[in-house]
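Encoded as structure tokens, the structure appears first; notes follow it.
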Amino acid sequence: MTSDQSIVLAACFNQKYVPQAATMLRSFADSVTTPARWYLVADDSVDQPTHDRLVDFARSRGLTAEAARIPDDLVAGFDDCGYLPRIAWYRAVLAEAFCDEDRLIYLDSDLLVLHDLRPLWEAKLRPGDYFGAIGQPSYGDAAILAAGVGLSPDTPYFNSGVMLMDLALMRAEQFARRTREFAVSDDRPELPTADQCAMNALFNDRWTSLDPTWNCMSSIMLPFLFGAEWRDDRFHDAVTLERAARAPAVVHFEGPAVLKPWNARCFNPFADLYRTYRAETPWPLDALEGRRHDAWFARMSPRLQARVWQFRRWQTGLSRGRS
Ligand SMILES: [Mn+2]
């Protein structure tokens, strides 16, 4: 662990996600009282003025932040995997990119931080585990995604949007090289969620399951999306999920476009808070995204909207969107 007692965090984003990263940082600045240092990692689509502007914004909100890029050679070969941009793979190589750090919290940009993250930073990992993460509820897509990469449906499947990483151990045991070899191998399974599927497949017995409050995904916040209740989950007890949903430390707007708070249809109860924070960034939302009929859908009750969503999902097969 670093000697200065700061918690160390990284966000990775492309041009499209710069406003989301800014919003996430804005929420973090309001919520976190513990000393923290940020690596703001941009890919090639982010031009330097935009990157600098994001770092300046973070600093203007009192955060300690520096711009970072991932060297091309670390992500060579990852280009053609999965259906997500190459940036999704960045988290698999963070240990190599930040050689001076031994521990790191990785956060997606499509989330809000609402509590201090010191308890997450200090969470104990099982001896030998590379990282801590939050398992997806069994009533969501977990079993389908697990089976897709050859795991039994009873194997917990984690979401890679929030990860507490033991970078020192990942470096020592060549985590990045093993992930890359798997990702580029000819006989690997389909990886609908790119890095997330790959890391679940490779390291299913090497991660520690953390409290869902640290990554309150849409499926935890709104179990009715899947026609389920918290008690239907086989991996967490119902009270733990209910507590996470009612007092989340991190709200993760995970899932397809209609579950993103910049979409007119989003009925996540934290969408308004996201929009409030977004308005306080250099990238305010001019208008909510979505097709013309989405504004009409938005007037329906969340449970009715969820039924429509389920029906369409059933029509089109498993949604490939995650991010
Ligand atoms: Mn996400």
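FYI, it's all coordinate maths here, none of it is from the lab. Since this is a predicted model, take the numbers as computed values, not measurements. Counting neighbours? That spans all protein chains shown, and the Cβs are built from the backbone with ideal geometry, glycine included.
Points to keep in mind about this one:
- Taking 0.36 nm per residue of sequence separation and removing the Cα-Cα distance, the Asp72/Ser301 pair yields an extension gain of 77.8 nm.
- Extension gain from Asp30 to Arg61, taking 0.36 nm per residue of separation minus the Cα-Cα distance: 10.3 nm
- Calculated from backbone phi, Karplus (6.51, -1.76, 1.60) coupling profile of the range 136-153 in Hz, x at Gly/Pro: 6, x, 5, 7, x, 8, 4, 5, 5, 5, 4, 4, x, 10, x, 8, 6, x
- Only one residue of Pro137, Trp262, Leu120 has its Cα farthest out toward the positive end of the dipole of the chain, where Lys and Arg carry +1 and Asp and Glu -1 on Cβ, and that residue is Trp262.
- Of the peptides 259-269, 155-165, 59-69, the ranking by mean beta-carbon count within 10 Å, highest at the top, reads 155-165, 259-269, 59-69.
- Choice from Asp195, Asp129, Asp205 showing the highest fluctuation, given a GNM over the chain with Cα pairs closer than 10 Å: Asp205
- Alpha-carbon centroids, the range 91-164 and the range 1-50: separation in whole Å: 17
- Evaluated at q = 0.06 Å⁻¹, a Debye calculation over the C-alpha positions of the chain (equal weights, vacuum) places log10 I(q)/I(0) at -0.19.
- Point-charge dipole on Cβ atoms (K/R +1, D/E -1) for the range 170-323, about Cα centre, debye to 20: 460
- The chain: most fluctuating residue of Glu173, Glu96, Glu229 per GNM, C-alpha cutoff 10 Å: Glu173
- Dipole magnitude of the chain, debye to nearest 20 (Cβ charges: Lys/Arg +1, Asp/Glu -1, about Cα centre): 1160
- Between Leu94, Leu74, Leu25, the GNM of the chain built on Cα springs shorter than 10 angstrom shows Leu74 fluctuating the most.
- Considering only alpha-carbon pairs that sit under 8 angstrom and 6 or more positions apart, the relative contact order computed for the range 7-316 is 19 percent.
- A helix-only calculation puts the chain at -9500 deg cm²/dmol for mean residue ellipticity at 222 nm, using -39500 (n - 2.57) for each DSSP H run of at least four residues, averaged over all residues.
- Here the calculated FRET efficiency for Asp237 and Val308, from their Cβ-Cβ distance with R0 = 22 Å, stands at 0.15, rounded to the nearest 0.05.
- Fraction of antiparallel bridges per DSSP, the chain only, in percent to nearest 5: 40
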